[in-house]
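Reviewing the structure listed below.
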Amino acid sequence: HDAKEHGVDIRRYVPLIQMKAKERLKLENDLRRALEREEFFLLYQPQVQLATKEIVGMEALLRWQHPKRGLVSPADFIPIAEESGLIVPIGEWVLRTACSQNKEWQKAGYRPICVSVNLSLRQFLQPNLAGKIGGFLQRIGLDPSYVDLEITESMTMDKEKAFEQLKRLKELGVYISIDDFGTGYSSLHYLKNMPIDRLKIDRSFVAEVMEDSNNAAIVSTITSMAHHLKLKVTAEGVENEDQLQFLRQQRCHEAQGYFFSKPIRAQEFERIFLKPTIYGMPS
Ligand code: C2E
Ligand code: MG
Ligand code: MG
Ligand code: MG
């Protein structure tokens, strides 16, 4: 009955809580209109094969250009999109845009690379996800082997459902990666049985790999385990030469991070990473 009972007057916090809820609702409403207002765009970040130094892939990363707030980070709007269900149409837009871009670049004659797209939990759990993606890829004529879907360990909590969904996606022929690997729940049993292709080592381990021997041990263990399980392994968040050297020694397959490039616009990605390698053509 007494709000001040424990020495803290909770009434002091009520306006703050209300404001936060209001703010959030406003953001959700803006998010609801963002698709039709074409406020979203994608950035692409290269993925480099360490043995050959070739660009073998790119991750599509979503950005929201809000008319008043400016650029909103996915960390701030993806959770709202997820809870409100808006992530389903937004995620579909991401998939379509990233795959269409990849097809355009293939049509232009560039050496084909794979595009990685992040899936959210709601998107991943859609009953007809594989059918939808398959239909779309067929319409645009993109080979599913040039598409990589990134999921996280927590999305496979419901093992049976996740297994069925992954099986359907694998049958379609797309690539499956586990993003932020090492930060979530996953058992060795799960790794052995889930139809996946790749582990992406979370950047928190890569960031301190030279300073923290525990992180070095974790990166080394994940890489070695991936080799034994015949999975590809990609390091996220590589920012310097020393980290790269360490990853090479561990025989990590691929790396992604600011050392190679920040996520950039499609035109820039094309100019910097695709054009110089066009078949025998002067660029
Ligand atoms: P993620 O999938 O793990 O993506 C990698 C994040 O690390 C990106 O942040 C990228 O910009 C950042 N990054 C890459 N290299 C470096 C580096 O060397 N150093 C540092 N410090 N950071 C680096 P971003 O773009 O802000 O995205 C954050 C998260 O938002 C993503 O993490 C992903 O979980 C989510 N996200 C982004 N786009 C989408 C999307 O289209 N759909 C869904 N569902 N989630 C998305
Ligand atoms: Mg990712
Ligand atoms: Mg992620
Ligand atoms: Mg990640």
In deg cm²/dmol, rounded to the nearest 500, the helical mean residue ellipticity at 222 nm of the chain, built from -39500 (n - 2.57) for every DSSP H run of length 4 or more, is -13000 deg cm²/dmol
Whole-Hz Karplus couplings 3J(HN,Hα) for region 49-55, θ = phi - 60° and coefficients 6.51, -1.76, 1.60, Gly and Pro as x, run 7, 5, 5, 10, 6, 7, 7
Here the Kirkwood hydrodynamic radius of region 228-277, Cα-based and in Å, equals 12.3 Å
GNM of the chain, Cα pairs under 10 angstrom: of 250, 47, 123, the biggest fluctuation goes to 250
Sorted by chain and then number, the residues having a modelled amide H within less than 5 Å of the amide H of residue 57, at least 5 places away or on another chain, are 47, 114
Mean-square fluctuation maximum in Gaussian network of the chain, Cα pairs under 10 Å, restricted to 210, 155, 58, hits 210
Amide H proximity to residue 152 below 5 Å, modelled H, separation 5+ or other chain, gives 179
Treating every alpha carbon of the chain as one equal point scatterer without solvent, the Debye formula yields log10 I(q)/I(0) values at q = 0.10, 0.11, 0.15, 0.16 Å⁻¹ of -0.60, -0.71, -1.22, -1.34
Taking alpha-carbon centroids only, region 143-171 lies from region 188-246 a number of Å equal to 20 Å
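Taking a cut-off of 21 Å, what percent of all Cα-Cα pairs in region 20-168 are separated by more than that?
Cα-Cα pairs in region 20-168 separated by more than 21 Å: 50 percent.
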A correct fewest-to-most ranking of 158, 143, 180, 148 by other Cβ atoms within 10 Å would be 158, 143, 180, 148
For the pair residue 164 and residue 51, the simple spin-label estimate (label points 7 Å beyond Cα toward Cβ) gives in nm 3.8 nm
Note on region 201-250: the mean projected area of its alpha-carbon convex hull, in nm², is 3.0 nm²
Rounded to the nearest 5, the percent of antiparallel DSSP beta bridges in the chain equals 40 percent
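Among 228, 253, which comes first, second and so on when ranked by fewest other beta-carbon atoms within 10 Å?
228, 253
Within 10 Å of each residue's Cβ, count the other Cβ atoms and sort 107, 132 from fewest upward.
Arranged by neighbour count, lowest to highest, 107, 132 become 107, 132.
Coordinate-derived values only; no laboratory data. Every value quoted in this text rests on a predicted model; they were computed, and no experiment measured them. Positions of Cβ are generated from backbone atoms using ideal geometry, with glycine treated the same way; all protein chains shown enter the neighbour counts.
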